[in-house]
Amino acid sequence: MAPEKESNGLDNYAFALEGRFCELHESKQREDVGTPMDEQCSKLAYCVTDVPPWYLCILLGIQHCLTAFGGIIAIPLILSQGLCLQHDGLTQSQLISTIFFVSGICTLLQVTFGIRLPILQGGTFTLLAPSMAMLSMPEWTCPAWTQNASLVNTSSSEFIEVWQTRMRAVQGSIMVGSLLQMFIGFSGLIGIFMRFIGPLTIAPTISLIGLSLFDSAGVSAGNHWGISTLTTVLIIIFSQYLRHIPVSFPTYSKDKKLNFSRVYIFQILPVLLGISLSWFLCYLLTTFNVLPSDPVQYGYLARTDLKGDVVSKAPWVTFPYPGQWGMPTVSVAGVLGIFAGVISSMIESVGDYHACARLSGAPPPPKHAINRGIGIEGLGCLLAGAWGTGNGTTSYSENVGALGITKVGSRMVIVAGGVFMIIMGVFGKVGAIFATIPSPVIGGMFMVMFGVISAAGISNLQYSDLNSSRNIFVFGFAMFSGLVIPNWIVKNPTAISTGVDAVDQVLQVLLTTSMFVGGFFGFLLDNTIPGTKQERGILAWNKAHEGNAANNILGSAEVYDLPFGLSSYCASLPWSRYLPFCPTGVSKNLNGRGEDNVTQEPMKVPGHPEPSQIIVGVAL
């Protein structure tokens, strides 16, 4: 889940590149002069099927990982509160390493066998909300002694059993919940689901993800409001006020030798820069003993030496493996809560697929590719549950925005990024370093991230008629119910008593998951209260996600067919036509005529910009 959607970077270029780009054929340019897709694709440095030089793939792949750092790192740090791991930095570092490792594997699976678009996979906030709701149940409440750093012995068997028991419960729920996503994807049911889901369902569901996590942001930021405010202000300044200000860096090219290129560095890495500066300030304040050294004094948790032994204790090389925390357990309540998160994740991913296709010069994804992409995401959630990340995986919208910024849509760049994340997960010191970030710095990042997630959900209302009293009622009631009901249930945990423990647990989890409550009422009211499709925003929603295939120069088969000749093999099997995730072997060319995909000529790119001119944008 990500704050910025597909519009990020469409009108602001991170690099002042010179040279030739991926351009439309002349005949095609004459047909579609002035279309947005024509303008966008003509400025691509590398299209989805292109292979940049290996060193450029590595640098751009690293940048994609850096772009997703904020979201990936935030998830295990938030989850550690529900797992009673606030004072166990070493285990937090293991969770960070594990989620990087699994995200890399899922990225490679998605790019190779899934949707086959250049889109990164990482942890999702849609599964974090139901996981935290499950861990807030009375039987999973953290013992009081785990909240006191002086009483916690992280190496004791008692403490290990406390957090691993909770982790195994989350793992099992995610693994079973992922089966639903795999079924919906590989069976082709995603199209049926999308028919009944519109902006008035999406808006409250996504918005309540951010709003429901306000307590986590407040607790972390409240440990030192000065540091957290500084972090928030820095991220705001970098991402909003300085985003259009370039910084000149020296570059080298064969034509111009040594020259200077402008890099919009503040637009590329605002979160990383904000965290790094605040983190460094905390280090200086700790070194000169400005911050209190007494644990009972305010501001003590802003010190950087609280987990100083984490880096030294963390192994240089570690290999996360399935079942490393023990055998997962399953609860009906947890599974149903994860179901709500899985459905939200699927809906968001479908939008990301279409946005990624537009920004990478690919035609709109066909149904078989979308089905396969959702199915592979379900497989990724299954792997994430088995490995024990405490979360699942989803397509990252930050990555979609990065495509618009860099103008490099090659999927080989994402392959390099996936390999880099696997390497990061193997080196335990990397996760340990990020686990030492002071909690006020993390709280400042949460203030921005969760706020933008909430606003990103509300932005889906642009497709519906906001002058309609019907729509205002549906959205308002869904949002308010999603806040009121979970809050009341949390304060009155014994209010639900049907006499059947399993039913009580299910209702407890579902009714304390804000995104489920809000999404349920939004879905129910939007599909039962009379209203036209135009009024509900369904027509504009579908139009925005279908795209315009006439403005693409790549054939569908070039992008979305399976690799290693699997598409040809599947086409030779008569029963493969009944598999909704297999290519049909026939698609439409640019003029809308039926054409055999196998005979299509690959796109010939007139030329590419000098790679050294792009390297400057990712050198940091």
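The values are calculated or read from the model by the stated rules, or taken from the named source; none is laboratory data. Everything numeric in this text was worked out from a predicted model, so none of it was measured. Glycine also receives a Cβ, built like all others from the backbone with ideal geometry; neighbour counts cover every protein chain displayed. Note: accessible area is taken over every heavy atom of the protein model, side chains too, but ligands, DNA and RNA are not part of it. Shrake-Rupley method; radii C 1.70, N 1.55, O 1.52, S 1.80 Å.
Below, the figures for the structure above:
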| item | result |
| --- | --- |
| Single residue of segment 142-161 satisfying the filter (of a type in the set (A, V, I, L, M, F, W, C) and either farther than 17 Å from ILE78 by Cα or in contact with a His (Cβ under 6 Å, 6 or more places away or on another chain) (or both)) that is least open to solvent (accessible area, probe 1.4 Å) | PHE159 |
| Some residue of segment 110-130 being on the phi < 0 side of the Ramachandran plot and free of Cβ contacts under 8 Å to residues at least 40 places away in the same chain | no |
| Residue that is free of Cβ contacts under 8 Å to residues at least 60 places away in the same chain, farther than 30 Å from GLU558 by Cβ and aliphatic (A, V, I, L, M), where the choices are LEU284, LEU301 | LEU284 |
| Qualifying residue in segment 69-79 (condition: within 20 Å of the chain's Cα centre (by Cα) and free of Cβ contacts under 8 Å to residues at least 40 places away in the same chain) | no |
| Subset of segment 296-347 [open to solvent by less than 70 Å² (accessible area, probe 1.4 Å), closer than 23 Å to HIS224 by Cα, modelled with pLDDT of 85 or more and not aliphatic (A, V, I, L, M)] | GLY299, TYR300, ARG303, THR304 |
| Any chance THR389 is touching a strand residue (DSSP E or B) at 6+ places or on another chain (Cβ under 9 Å) and surrounded by 24 or more Cβ atoms within 10 Å (Cβ to Cβ) | no |
| Counted residues, segment 111-120 - those being open to solvent by less than 10 Å² (accessible area, probe 1.4 Å) and over 14 Å from the mean Cα position of the chain (by Cα) | 4 |
| Where a residue in segment 519-536 is over 19 Å from LEU483 (Cβ atoms) and its partner, wherever it lies, is acidic (Asp, Glu) and buried (at least 20 other Cβ atoms within 10 Å of the Cβ), with Cβ under 9 Å and at least six apart | ARG536/ASP526 |
| Output for segment 127-178, where each listed residue is within 21 Å of the chain's Cα centre (by Cα) and farther than 20 Å from ALA502 by Cα | LEU127, LEU128, ALA129, SER178 |
| Residue count, segment 478-493 (criterion: open to solvent by 30 Å² or more (accessible area, probe 1.4 Å) and touching a residue at least 24 places away in the same chain (Cβ under 8 Å)) | 4 |
| Subset tally (residues that are at pLDDT 50 or above and surrounded by 12 or more Cβ atoms within 10 Å (Cβ to Cβ)) for segment 570-608 | 11 |
| Sole residue being among the hydrophobic types (A, V, I, L, M, F, W, C) and open to solvent by 10 Å² or more (accessible area, probe 1.4 Å), chosen from ILE58, ILE99 | ILE58 |
| Residue within segment 468-477 that is within 24 Å of the chain's Cα centre (by Cα), buried (at least 19 other Cβ atoms within 10 Å of the Cβ) and part of a helix (DSSP H, G or I) present | no |
| Pick from segment 395-454, criterion within 23 Å of VAL102 (Cα to Cα), in contact with a Phe, Trp or Tyr (Cβ under 9 Å, 6 or more places away or on another chain) and of a type in the set (S, T, N, Q), ranking: modelled with the lowest pLDDT | THR436 |
| Any hit, segment 371-384, residues being part of a loop (DSSP other than H, G, I, E, B) and either closer than 30 Å to ALA133 by Cβ or at pLDDT below 90 (or both) | no |
| Selection from segment 503-532 of residues that are in a helix (DSSP H, G or I), modelled with pLDDT of 90 or more and surrounded by fewer than 17 Cβ atoms within 10 Å (Cβ to Cβ) | LEU524, ASN527, THR528 |
| The one condition in (1) assigned to a loop (DSSP other than H, G, I, E, B); (2) at pLDDT 90 or above; (3) open to solvent by less than 10 Å² (accessible area, probe 1.4 Å) that GLY361 fails to fulfil | (2) |
| Unmet criterion (only one of (1) more than 19 Å from ILE202 (Cβ to Cβ); (2) at pLDDT 90 or above) for VAL490 | (2) |
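To keep it simple, each residue is scored yes or no on (1) of a type in the set (Gly, Ala, Ser); (2) surrounded by fewer than 19 Cβ atoms within 10 Å (Cβ to Cβ); (3) modelled with pLDDT of 90 or more.
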residue: LEU109; (1), (2), (3): no, yes, yes
residue: GLY122; (1), (2), (3): yes, no, yes
residue: PHE125; (1), (2), (3): no, no, no
residue: MET132; (1), (2), (3): no, no, no
